[in-house]
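Accompanying notes for the structure given below.
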Amino acid sequence: MLQAVVAEYIGTATPVGSEHVARAPGVEVSSATVRSDMAWLEEEGYLIQPHTSAGRIPTDRGYRFFVDHLTEPGVLGPAQRYQVRRFFEQVHGEIEDVMRRTSGLLSELTSYAAVVVGPTNDQATVRSAQVVGLAPRLALLVIVLSDGAVEKRTLEVPEDLDDDVLAVVSAELQRLWRGRPVAELDIAGARTGDPKADALMQLASMAAREIRTSTTPDQVFVGGPSRLAEAFDAVQTVRTVLGILEQQLVVVNLIREVLDRGLSVAIGREHGYEPLASCAVVVAPVTVDGYESGAVGLLGPTRMNYPQALAAAHVVGEGLGRRIGSVFGRAGDDAHRRTRRPDVGPRSRSGTNGMRGRRHGR
């Protein structure tokens, strides 16, 4: 009976009466029994009657039981699966642009507001480290991380550099840093025996220190916010939700809190954020080579189509992880082959370090 009420209410947004439940597949009892059991479900907190003469609607507790016990795993239809596959086969550009467009794809699949949270460097390890020449006295430190990010810092030197020095420093940095977390990047007094190479190593160490101490906020991309007007009945609720989606830190904390609690769905007040008490949040992690590299999420009313939303978030999250992996994999390989200015594909952050520690604008 609860399943019949939730399924009908998700589709119609209209309180469900006992007459409809009595006709639902699998309900093979009398109308009197239906009315009695629906009253019991209301007493136990699974249903609520918004008006005396109206039917009943699910509560957050009712939705939770529905999600945990009454639904089958959702599956995207053939057309939607083809749409997702073609999207990730054809999407190009910087990782930021890929994530922005992915949020639009996820919203289009579900008709809810979609959120894509980009990766952070907190737990990422170094995949490759390379110093390449830009000019006789200018080099570029390129560090490709396991989460798909690329850190770039420009290094200014007082003497001309040659390819041999660049090769020696690149090999030493690769030996020292490969596989290590960003927080542990250091050269620990390493020396090559070549004064020019050692000076460049010191500059790379200063740049690594800046990378360790810099704080880069999580990137958030929101797709389909206009769809909220169709999902919620109250105009004030739409305004509240739209205002929250503009607060990047709040959105990141909300998505990560749900994931950290081991949930894929947070319903109503379960997510602990009172202004979104009338909303449900569906999330899925994005992983690259076993590392968490962000997340995708959906925000909609509690009468969300949970099976569809869960299936869409899962499929899109997997596709985005594969796409990020393919991009930073190529970037890592390129870092070993190039000896001049690299054309780095994944998201990157850059800065400049001078011989005396001089720091320029990033």
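The values are calculated or read from the model by the stated rules, or taken from the named source; none is laboratory data. On a predicted model such as this, the values are computed, not experimentally measured, just so you know. Here the Cβ positions follow ideal geometry from the backbone for every residue, glycine too, while neighbour counts run over all protein chains shown.
Here are some notes:
- Selection within region 84-111: residues that are in a helix (DSSP H, G or I) and of a type in the set (A, V, I, L, M). The member of this set that is farthest from residue 226 (Cα to Cα) is 95.
- Residue match in region 14-35 (condition: of a type in the set (S, T, N, Q), crowded, with 19+ Cβ neighbours inside 10 Å and in contact (Cβ under 8 Å) with a residue 12 or more places away in the chain): yes
- Filtered residues of region 133-144 (kept if farther than 16 Å from residue 186 by Cβ and either surrounded by 19 or more Cβ atoms within 10 Å (Cβ to Cβ) or not assigned by TED's automatic domain parsing to the domain that holds residue 209 (or both)): 133, 139, 140, 142, 144
- Of all the listed residues (53, 107, 103), the sole one being of a type in the set (S, T, N, Q) and either in the same structural domain as residue 31 (by TED's automatic domain parsing) or surrounded by fewer than 13 Cβ atoms within 10 Å (Cβ to Cβ) (or both) is 53.
- No other residue among 179, 193 is free of Cβ contacts under 8 Å to residues at least 60 places away in the same chain, in contact with a strand residue (DSSP E or B) (Cβ under 9 Å, 6 or more places away or on another chain) and loosely packed, with under 14 Cβ neighbours inside 10 Å apart from 179.
- Residue check for residue 124: at pLDDT below 85, hydrophobic (A, V, I, L, M, F, W, C), closer than 25 Å to residue 319 by Cβ and within 31 Å of the chain's Cα centre (by Cα): yes
- Once region 64-83 is narrowed to residues that are without any contact (Cβ under 8 Å) to a residue 24 or more places away in the chain and part of a helix (DSSP H, G or I), the residue that is surrounded by the most Cβ atoms within 10 Å (Cβ to Cβ) is 82.
- For residue 139, the criteria (1) small (Gly, Ala, Ser); (2) at positive phi; (3) touching a Leu at 6+ places or on another chain (Cβ under 6 Å) hold in every case but one, which is (2).
- Test result for residue 114, within 22 Å of residue 323 (Cβ to Cβ) and under 14 Å from the mean Cα position of the chain (by Cα): yes
- On inspection, residue 243 does not qualify as outside any helix (DSSP H, G or I) and not polar (S, T, N, Q).
- When the residues of region 266-297 are filtered to those that are closer than 30 Å to residue 236 by Cβ and touching a Leu at 6+ places or on another chain (Cβ under 7 Å), the one that is surrounded by the fewest Cβ atoms within 10 Å (Cβ to Cβ) is 273.
- Sole residue being out of contact with any strand residue (DSSP E or B) (no Cβ under 9 Å at 6 or more places or on another chain) and in contact (Cβ under 8 Å) with a residue 40 or more places away in the chain, chosen from 199, 229: 199
- Filtered residues of region 256-307 (kept if under 16 Å from the mean Cα position of the chain (by Cα), in a strand (DSSP E or B) and of a type in the set (Val, Ile, Thr)): 265, 281, 282, 283, 286, 287, 288, 296
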